[in-house]
Amino acid sequence: MPIPPVLPDEDPPEEEEFIPAAEAETVDSASQEGLRQQTRRQKRAANQTKDFWRKVFADPIGRREMWGLLNDDMHAFTAIFPAGPVGFPDELAAYYRRGEQDMGLRLYHRWMALQPDAIRQMHLENDPRFAKPRRRRTPQVG
């Protein structure tokens, strides 16, 4: 369906615009109403964040992708000490890898605070350390 042209004397339809937090209008927190408005805004943002991560971790594909991000891309659960071509430890590369790991752990702990049951499920589905041991059958004598 084509978009109708906007005539010069008409205002274009209003679209809800995303405003980054740095550019958002400030609130007068000295007044009670301003303080309430600020509190409502913070609660709304916290609820939206929690709802977003709940949706991501509700799906097995979302859990698998987040596990890949943590484990494969950010190496959150593995310490890596890279070496240069001659086998000598490379400090700068080690610092870089540690930064990746720290970011992965920061993300992991945030997820644990928001969705602990879903994170446990993510581990059960993707982490080989959480694999259930196989039961061995004992031969029946008789």
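Read-outs: derived from the displayed coordinates by stated rules, not from any lab. Remember, predicted model here, so these are calculated numbers, not experimental data. Virtual Cβ from ideal backbone geometry, glycine too; neighbours counted across all protein chains shown.
Using a Förster radius of 41 Å, what is the FRET efficiency between residue 38 and residue 100 based on their Cβ-Cβ separation? Nearest 0.05, please. So the FRET efficiency works out to roughly 0.70.
Think of the range 29-130 as having a plus end and a minus end, set by charges on the Cβ of Lys, Arg, Asp and Glu; of 61, 128, 86, 61 sits farthest toward the positive end of this dipole. Remark: the range 75-88, residue by residue, has Karplus-estimated 3J(HN,Hα) of 6, 4, 10, 9, 8, 10, 10, x, 10, x, x, 9, x, 7 Hz, where x stands for each Gly or Pro and the curve is 6.51 cos²θ - 1.76 cosθ + 1.60 at θ = phi - 60°. If you plug the beta carbon distance of residue 26 and residue 110 into 1/(1 + (r/R0)^6) with R0 = 30 Å, you get a FRET efficiency near 0.70. Remark: the range 37-45, residue by residue, has Karplus-estimated 3J(HN,Hα) of 5, 5, 5, 4, 5, 5, 5, 4, 5 Hz, where x stands for each Gly or Pro and the curve is 6.51 cos²θ - 1.76 cosθ + 1.60 at θ = phi - 60°.
Ordering 52, 57 from the fewest to the most neighbouring beta carbons within 10 Å gives 52, 57.
With both labels modelled 7 Å from their Cα along Cα-to-Cβ, the residue 54 to residue 90 distance reads 4.4 nm.
The distance linking the range 81-142 with the range 27-80 is 21 Å (Cα centroid to Cα centroid, whole angstrom). Rounded if a/c is under 1.5, else prolate if a/b is larger than b/c, else oblate: which is the range 55-101, with a ≥ b ≥ c the root eigenvalues of its Cα gyration tensor? Prolate.
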